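The values are calculated or read from the model by the stated rules, or taken from the named source; none is laboratory data. What you see is a predicted model; the values in this text were computed from it and never measured. Every residue, glycine among them, receives a Cβ derived from its backbone with ideal geometry; neighbour counts consider all protein chains shown.
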Amino acid sequence: MSAYNSLTYNASLCIGCGECMMACAKAKTGSADDLSQSRIKIVVAEEGKYEAALCRQCGDAKCVMNCPSGALTKNQANGLIDWNADTCVNCLLCTVGCVYGGITFEASVGHVAKCDTCGGDPACVKVCKSGALGYVTTAAIYNDYGKEEDLFAPGLAACQGCNSELMIRHVLRKVGKNVVVAAPPGCIPGMGTVGYNGKAGAKVPIFHPLLTNTASMLAGLKRTYERQGREVTALALAGDGGASDVGFQSLSGAAERGERILFICFDNEGYMNTGMQASSATSFGSWTSTTPVGDKLQGKRTDAKNMPMVMMMHNAAYVATASSVYMEDFYEKLDKALEASKKGFAYLHLYAPCPSGWRFPAGLTIDICRLMVESNFVTLWDYEPDRGLVFTHPTDKPKPLESYLKAIGKYRHLAQEQVDRIKKLLEDRLAMLKRFAR
Amino acid sequence: MTVQTKAKGKIIVVDGNEAAAKGVALARPDVVAVYPITPQSSLVEALSAMIATGELDAELMNVEGEHSVLSALQGAALAGARTYTATSGPGLAFMFEPYIRQPGLRLPMVASLVTRDTLTPQCVWGGHQDAMLVRECGWIHMYCETVQEILDTVIMGYKVAEHPEIMLPVNVNHDGNYLSFGVTSCELPDQAMVDDFLGPKSINWHAALDPERPMSVDPLTGNAGGAGPSMFVRYRKGQTDAMARSLQVICDVHADWAKRTGRAHAPLVEEYRLDDAEIALVTLGSMTGAAKDCCDALRDAGKRVGIIKVKTYRPFPVQAMARALSKVKAVGVVDRSVSYGWNSGPMHHDVLAAMAKSGFVKPCVSFIGGLAGADMTQSHFERAFDIVAKGDVPPGPIWMNEKD
Amino acid sequence: MQDCTYLIVGSSHAGLTALDAIRMIDPEAPLIMATREDHLPYSPTVLPYVVSGRSIPKKVALRDEDYFKRQNVAFLRNAELKSLDVAASTARFEGGANVRYEKLLLATGAQPSIPPIPGLKDAFFHVLRTMDDALNLKSAMGSAKSALVLGAGLIGTHAAENMAEAGVKVTIVEAKGQVLPGYFDKDASALIETAFRKHGIALEFGRSVKEIKQGRAVLEDGAELPFDLLLIATGVRPQLSFLDGTGVKTANGIMVDEMQRTSAANVWAAGDCAEARMFQAQGTGVAGILPIAVEQGRIAGQAMVGDHGVKAFPGSVLLNTYSFFGQQAISVGIGEVADGETCLRIDEAAGTYLKIVLKDGKLMGVASVNNPIDPGILWQLILRRTDLSEVKDRFLADPKAVGRMLMSRLWR
């Protein structure tokens, strides 16, 4: 199985010229005269604004489930919903299942019709001048790395919706087997990556260092392999506690010495493995089990230490922030970090919202990741000493901060002045980062 | 007792810290991690200098604290490196977290403890309190009496630590101030001889972080049921069994060393003029020199006194101690540290326990002296012999420097 | 005694959708799917097309053998559920096989409901609910010259069309005054009826059969209708005798809550055998339509496997699609509502019809004949109670374009 290509439609670019519908009708019927023959339908939303109805080639397509004759099937090879004229009985139940207007009855041909992406070369996209239509592999990453072996054991005991488990699997897929992994106490070994009672959790050498010594322990290991003339990646998969609290001294020391380590911090803003206690990375106002909410206290009273900025100040060979919602960006940064870690210290800070500890539904992890970035609650950037800081996601049009805070239970109690303080902090922080930007 | 029969190496004039450094260099470690602390600093300075000049081919890690020193060395050892460091007092306390882990990982190494009294009062001078605080962590502890013994024991320490039946870390302890800075001549063993003596490195055959031998090192082990607790017990028992086995290995290694160098350091317990003695003092470390001088003087005066010097303190050599104690009617145990829980010196109750375990009880007086760098002179030991000779055992310790 | 984690009884849409939902989360736990049929899974909805010859049995299987192998499912054929012991979590099947389950889904569907007409039980008649029924009807239809169909619902009208197209003289008797009562109003039905009459099908509305005699039906008014072939299509109802003595709550179907749970622990029900809440009416009902069976099967499967993504069943919205003589009729929601606002457009000449019912700016129902709409979008607008006030005029003018615009925005 691989990732599939998709037609994309960007409504803000569409000028409603109708060229796509003409091209589609022509491709499907030989004539552009009858636009009702088009399988892509551009509709007027309001003056000068348009929307589109077309088949989304759903993963769990209701049209397929509703088909009584087996005429509609999900093609596992190319991801399309295939329609079989031979078995279709024209019952129209598929049109009941579709909420996009993607499969519709076409009176002139006497049966339902839907987009088949012209066999992978969609005619509509070719004629779209505005750039509203695209044909992309939305998960090209998956094609690149999906075949790489998942080097963690199946069945790790992370919470449902755990961002960290998702990302450590991605990381090792990319890094490969020539690695030594150090996973200090926290969610990552807690979910069983280092193993449990004699059973292993990974297919690579992996160690349970102290919460305090991940970076120095890896430094000694790496220096030994360098002395032996062997190139082995020394990789830390640490939490924010192991990076910014008790692990900070060894991290700072290793960065200062330019140890050839890739240190990835999975920042879930606290000690989530042990019951959601606050760390220095916990954001201001957050409820945690050690910054509770009551008459006297209303969550964490101090701002989060900004570890990536601190690491940038160490003049590390590479520092970047990343979010699992922008995987291409993440992989690009992982590549750079890996390369940089051959010459010096590389630090990757991954924002890892935690459904269990932050109090949001497990199914929303990726949405929260997205909101976090889009509201400028965190910023995505990377830094190299000879190049400076570069923002990798625009910060100029943030979504309202409230949309992020309101989505998360740990901020439910926030008073307006607390929200205002967070806003001010984020503005100041962004302004400061911008001063480092190229 | 040091008997020089054949001098193979060249004679050098060094202090204890430099001697330790020379011994380390002869053992050819792969990685040395350093962080300075009084009175250890000149030791790591000497090592750094040797690495700088190329005299020692090792990776030097100048890390930001003792915690990272030992952490880095654990990582190095898991990649197969022979490792070394040295620390003292507060540095050892800061190192405690990785320190207590090293024996459980069964990672062999040698680390010098340049012993120092512990805070508070703020104090930078000699005393055994730092080493005594970590006596139950699973490291082998050997205490040196002389500069030569430091040099020799550092080398022997690797042979003990890396013995396949042992695989444990070894602390070679020498007294801050008196040994660390005391300059004397000693013999520098021949490198080829040391290479042959130590043989090939044997560090991480059992637990490695190596992509060519992927394994999970130190997964969670335990819990209320299932395979965990019994697995944990087997790890622990393996560790204590290895400690027990090490007494014989220490003897064998010392014997081998004596054969090669002519220097026969007592491996566990040294009996000095004990055969016809009526009373004896049990000593540890550099104080033994003054104690032996005192003993000689009293012998000249016709008194039947002797000295029992402890070299290997952990594991405690119960049989060797019992054999020595069996020769006298009463003993005094001179500690350079205190046991807060027993209102005595710590070695005092080790000696009491050794007697109890061996089925006899003799008068045994606790002396505490040499704290915070205080000098332990012949007259201190003369007074101690006097007290033991009287046969009274006071309820608490005798504080030897209280009225100096 | 066989043991399994999941037992699904019934292999049509509700059961299959539940199976897929379970296997999405739990690919391994032992799962048995039992069907009283000898066939691979198929949909009753496709049967009229088997009768007409548009489909043939081997082409309509919804899953093949390999699917069950891949999904690690034991597929039991010819296994009709006879009784349940819900206390012991045991199901007994025809032929004596016993299965002990941890979780059970009843997706047993419905069976034709046979009216108590004197003489009927001694007469030879057809029904159309199973593949065997369809094959029997298809073969009988070949030699019949005249056919009488009791009931003008979906099955009756579909079959009548099939038989008329095959050259059989068909009469439909329907007690109510129109075809497809419940889905379409009289105006819409009139358009459909026109097509039927044009194809030579006699429609006898508001009449009922008093007695069946050899080769003829006697109506209430004494008139007699002769037939070579009699098809009973007066509706379906779940056959639930396997629940006797279990105490599982039933009404017209097995009572279920919003997670498709029955009143018995670890027993779920979905599809045509389940009685669930209605979305636009008080009380509960057996929806008896395919898209609702799919919804319910999915919810039941997710609930059984503990999928946290499960969302409660919002209630059945009546909806259907109906093709007849190459024409199309679609209805979504309800056609009449007190204090509602109705927009009606009929073009008798063109044979088109569109009725949109709104109340308080929200969509209540749409019915159309030969006037293509997107029923899936309209269903969503009803379920989401989308406020259409701002786009009302445009919506009434072009429900398709506005519906698509709203959905495109919503799902961006």
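Before moving on, here are some points about what is shown:
- Any hit, the stretch B:140-150, residues being among the polar types (S, T, N, Q), at pLDDT 95 or above and within 18 Å of the chain's Cα centre (by Cα): yes
- Any hit, the stretch A:195-218, residues being more than 11 Å from chain B (Cβ to nearest Cβ) and either more than 25 Å from A:GLU328 (Cβ to Cβ) or in a helix (DSSP H, G or I) (or both): no
- A search for C-beta distances below 7 Å between a residue of the stretch B:213-235 that is touching a residue at least 40 places away in the same chain (Cβ under 8 Å) and any residue that is assigned to a helix (DSSP H, G or I), counting only pairs 6+ apart in sequence or on different chains, returns B:VAL217/B:LEU78.
One line per residue, one yes/no per condition, for (1) at pLDDT below 95; (2) over 24 Å from A:VAL419 (Cα atoms); (3) in a helix (DSSP H, G or I); (4) outside the structural domain of A:GLU256 (by TED's automatic domain parsing):
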| residue | (1), (2), (3), (4) |
| --- | --- |
| A:ALA337 | no, yes, yes, no |
| A:LYS343 | no, yes, no, no |
| A:PHE360 | no, no, no, no |
| A:ILE368 | no, no, yes, no |
| A:MET372 | no, no, yes, no |
| A:PHE377 | no, no, no, no |
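- Scanning the stretch A:1-44 for residues that are in contact (Cβ under 8 Å) with a residue 12 or more places away in the chain and among the acidic types (Asp, Glu) returns A:GLU19, A:ASP34.
For (1) farther than 26 Å from C:LEU381 by Cβ; (2) in contact with a Gly (Cβ under 9 Å, 6 or more places away or on another chain), each residue gets a yes or a no:
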| position | (1), (2) |
| --- | --- |
| A:ASN90 | no, yes |
| A:GLY97 | no, yes |
| A:GLY110 | yes, yes |
| A:ASP116 | yes, no |
| A:ASP121 | yes, no |
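- For C:ALA329, the stated conditions hold: it is within 14 Å of chain A (Cβ to nearest Cβ) and either basic (Lys, Arg) or surrounded by 21 or more Cβ atoms within 10 Å (Cβ to Cβ) (or both).
- Of all residues making up the stretch A:81-103, the number that are over 30 Å from C:THR130 (Cβ atoms) and either free of Cβ contacts under 8 Å to residues at least 40 places away in the same chain or outside the structural domain of A:CYS55 (by TED's automatic domain parsing) (or both): 1
- Wholly within the stretch C:60-159, strands (runs of 3 or more DSSP E) carrying at least 1 residues that are free of Cβ contacts under 8 Å to residues at least 24 places away in the same chain: C:90-93
- Any strands (runs of 3 or more DSSP E) falling wholly within the stretch C:193-302 and containing at least 2 residues that are in the same structural domain as C:VAL127 (by TED's automatic domain parsing) and out of contact with any Asp or Glu (no Cβ under 6 Å at 6 or more places or on another chain): C:202-205, C:209-213, C:216-219, C:224-226, C:229-232
- Selection count, the stretch A:104-119, where residues are closer than 21 Å to A:CYS20 by Cα and either modelled with pLDDT of 95 or more or more than 9 Å from chain C (Cβ to nearest Cβ) (or both): 10
- Which numbered condition C:LEU383 misses (of (1) more than 20 Å from C:ASP185 (Cβ to Cβ); (2) more than 11 Å from every other protein chain (Cβ to nearest Cβ); (3) of a type outside the set (Asp, Glu)): (2)
- A:GLY198, sole failed condition from (1) at pLDDT 95 or above; (2) surrounded by fewer than 21 Cβ atoms within 10 Å (Cβ to Cβ): (1)
- Residue within the stretch A:390-408 that is touching a residue at least 60 places away in the same chain (Cβ under 8 Å) and not in a helix (DSSP H, G or I) present: yes
- C:ILE212 being in contact with a Phe, Trp or Tyr (Cβ under 6 Å, 6 or more places away or on another chain) and of a type in the set (Val, Ile, Thr): no
- Residue within the stretch B:177-199 that is of a type outside the set (Lys, Arg), over 28 Å from B:ALA131 (Cβ atoms) and within 14 Å of another protein chain (Cβ to nearest Cβ) present: no
- Matching residues in the stretch A:219-256 - criterion: being surrounded by fewer than 24 Cβ atoms within 10 Å (Cβ to Cβ), facing chain B (nearest Cβ under 7 Å) and aliphatic (A, V, I, L, M): A:VAL232
- Residue in the stretch C:19-32 that is part of a loop (DSSP other than H, G, I, E, B), crowded, with 18+ Cβ neighbours inside 10 Å and within 14 Å of another protein chain (Cβ to nearest Cβ) present: no
- Within the stretch A:1-97, strands (runs of 3 or more DSSP E) holding 3 or more residues that are within 13 Å of chain C (Cβ to nearest Cβ) and crowded, with 22+ Cβ neighbours inside 10 Å: A:49-53
- Lone qualifier among A:HIS349, A:HIS393 - being surrounded by fewer than 22 Cβ atoms within 10 Å (Cβ to Cβ) and under 20 Å from A:MET307 (Cα atoms): A:HIS393
- Test: residue in the stretch A:292-314 that is assigned by TED's automatic domain parsing to the domain that holds A:LEU221, part of a loop (DSSP other than H, G, I, E, B), among the hydrophobic types (A, V, I, L, M, F, W, C) and more than 24 Å from the chain's Cα centre (by Cα): yes
- Residue match in the stretch C:278-296 (condition: closer than 23 Å to A:PRO361 by Cα and either away from chain A (no Cβ under 14 Å) or among the hydrophobic types (A, V, I, L, M, F, W, C) (or both)): no
- Just one of the listed residues (C:LEU354, C:LEU344, C:LEU363, C:LEU378) is more than 12 Å from chain A (Cβ to nearest Cβ) and buried (at least 22 other Cβ atoms within 10 Å of the Cβ), namely C:LEU363.
- Checking each residue of the stretch C:73-83 against the condition of being away from chain A (no Cβ under 11 Å), within 14 Å of C:THR130 (Cα to Cα), of a type in the set (S, T, N, Q) and over 21 Å from the mean Cα position of the chain (by Cα) gives at least one match.
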